[in-house]
Amino acid sequence: MVGFSDKDRELGEAHAEIRALRLSERQREKAVEELTTLEEKLKLTESLLQGKNLEIRKINE
């Protein structure tokens, strides 16, 4: 027969796993937000670089 202490231990382990999964999910969400921000910055930088390249081509013509 399973005693209360075994059930309490199992419940504690389940709670710990849930906390770990929530933390992991928050870390994943933060990483996605950071990547989205970096992607936006990269697109802006690429756009600025294309503009500069056009300016250089016009100067060299």
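Relative to the longest principal axis of the Cα atoms of the chain, the long axis of helix 4-60 lies at roughly 0 degrees. Which listed residue (GLY51, SER24, ALA14) has the Cα farthest towards the positive end of the charge dipole for the chain, taking +1 on Lys and Arg C-beta and -1 on Asp and Glu C-beta about the Cα centre? In the chain, that residue is GLY51. May I ask for the net charge around THR37, where only other residues with Cβ less than 12 Å from the Cβ of THR37 are counted and Lys, Arg are +1 while Asp, Glu are -1? That works out to -1. What is the Å³ per residue value for the convex hull set by the Cα atoms of the chain? Measuring per residue, one finds 50 Å³ for the Cα hull of the chain. Bridging of LYS30 to lysines at a Cα separation below 24 Å is possible for LYS41, LYS43, once same-chain residues fewer than 8 apart are set aside.
FYI, it's all coordinate maths here, none of it is from the lab. All figures in this text were calculated on a predicted structure; none of them were measured in a lab. Virtual Cβ from ideal backbone geometry, glycine too; neighbours counted across all protein chains shown.
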